[in-house]
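Data block below; observations after.
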Amino acid sequence: MSQTLLGGILSGTLNPLTGQPTATIEYLVVAGGGGGSYANALYNLGQKAIYQNIGKVAYVDQNAEMHLYNASNVKYQNKYTKLQGNNPENDISGAAYSNATLEQCEATCNSLDNCGGFVYDNNNKVCFPKGNNIYPSSPLVANSGNNNFSTYIRNKSPSVTPIGIPKEIMNTDTITYQNYINGGNFADKYGLAKITSVQRQQLEQLETRMKTLSSQLSKLTGNYMNSSDMVDNQADKNKFGLQKYVNELNATDKKIQNFSKGATYMLDDSNIVVLQKNYDYLLWSTLAIGAVIISMGVMKK
């Protein structure tokens with residue numbers, strides 16, 4: 001995959017012996033570092049940055065060959081690479097000021113065409129805009145004691161790119177940058193811009209086919225959306241009808257319950273009436289039997 005690279009630093013930490021960023025294999029020996037009273041500790045600091053590559057801009061093509069942009073065709077971006085430490089040289093005359101925030105210091109550097117970055121005093125809130133010869137053209141000093149400086153190197157990008165080269169920039173460390181094969185000077189065109197007329201015709205045919213497929217897909221998507229809307233509408237209608245049916249069912253159930261209560265009352269009333277009639281019948285029957293007995297007694301006399 002082709003890409004535009006900006007040479008950077010593998011690590012923002014500093015070698016405490018050299019005061020330079022560590023990014024060749026380098027070792028640090030510390031006296032009395034464990035393993036006995038007279039033992040020395042051995043620490044692998046990793047690879048060391050190739051300072052000459054910092055800030056260089058190059059294009060890596062699809063063959064992993066690198067093409068370096070001329071310095072006259074490179075401009076500053078409004079993005080920065082942060083390093084811990086101070087770059088005490090190369091101040092822009094009259095540009096430093098105190099009571100500054102990091103954002104204000106960055107905005108100040110962005111407004112100056114000759115500002116290659118800045119140093120920010122984190123303790124005292126002082127901004128030091130730096131000229132084009134900022135690190136690595138001038139030394140970076142490690143923080144010591146209570147010092148707490150941060151150096152911000154302004155990133156770069158190509159001003160004009162050959163046809164077919166993307167304008168996006170990807171930062172990389174100086175070791176990776178160094179390991180790319182030198183591809184020499186730039187070609188006039190890259191990528192699709194250098195295709196033949198036959199390839200261009202084939203590409204146009206593919207583009208036409210893609211547009212047709214895109215149109216068909218858009219149509220099918222529209223049909224799907226319409227069908228989905230119809231389904232949603234019918235679902236809403238079914239939901240409304242079901243709720244209406246449930247309401248009617250509940251109303252019918254209440255009527256049945258009320259009817260059952262009324263029937264119970266009616267049944268209770270009818271039982272009372274029948275009982276009363278029975279009592280009347282028994283009463284009159286008793287009176288009739290009594291009258292007959294009396295009459296028979298009178299006749300015997």
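The values are calculated or read from the model by the stated rules, or taken from the named source; none is laboratory data. On a predicted model such as this, the values are computed, not experimentally measured, just so you know. So basically every Cβ, Gly included, is an ideal-geometry build from the backbone, and we count neighbours across all protein chains shown.
Some observations on this one:
- For beta carbons closer than 7 Å, sequence separation of 6+ or different chains, a first residue in segment 162-178 that is farther than 18 Å from Asn73 by Cβ and a second that is in a loop (DSSP other than H, G, I, E, B) and small (Gly, Ala, Ser), the qualifying pairs are Asp173/Ala23; Thr174/Ala23; Thr174/Ala49; Ile175/Ala23.
- Candidates are the residues of segment 117-137 that are polar (S, T, N, Q) and surrounded by 15 or more Cβ atoms within 10 Å (Cβ to Cβ); the one that is farthest from Gly85 (Cα to Cα) is Asn132.
- Residues that are modelled with pLDDT of 85 or more and either part of a helix (DSSP H, G or I) or surrounded by 16 or more Cβ atoms within 10 Å (Cβ to Cβ) (or both) within segment 43-71 comprise Val57, Ala58, Tyr59, Val60, Met66, His67, Leu68, Tyr69, listed in sequence order.
- Restricted to strands (runs of 3 or more DSSP E) entirely inside segment 112-229, those with at least 3 residues that are touching a Gly at 6+ places or on another chain (Cβ under 8 Å) and under 22 Å from Ala100 (Cα atoms) are 149-158.
- Residue in segment 199-208 that is modelled with pLDDT of 80 or more and either under 30 Å from Asn70 (Cα atoms) or of a type in the set (A, V, I, L, M, F, W, C) (or both) present: yes
- Taken together, the residues in segment 183-198 that are at pLDDT 70 or above and either touching an Asp or Glu at 6+ places or on another chain (Cβ under 7 Å) or surrounded by 12 or more Cβ atoms within 10 Å (Cβ to Cβ) (or both) amount to 3.
- Test: residue in segment 93-102 that is among the hydroxyl-bearing types (Ser, Thr, Tyr) and under 11 Å from Thr151 (Cβ atoms): no
- Any hit, segment 80-94, residues being out of contact with any helix residue (DSSP H, G or I) (no Cβ under 7 Å at 6 or more places or on another chain), assigned to a loop (DSSP other than H, G, I, E, B), among the hydroxyl-bearing types (Ser, Thr, Tyr) and surrounded by fewer than 18 Cβ atoms within 10 Å (Cβ to Cβ): yes
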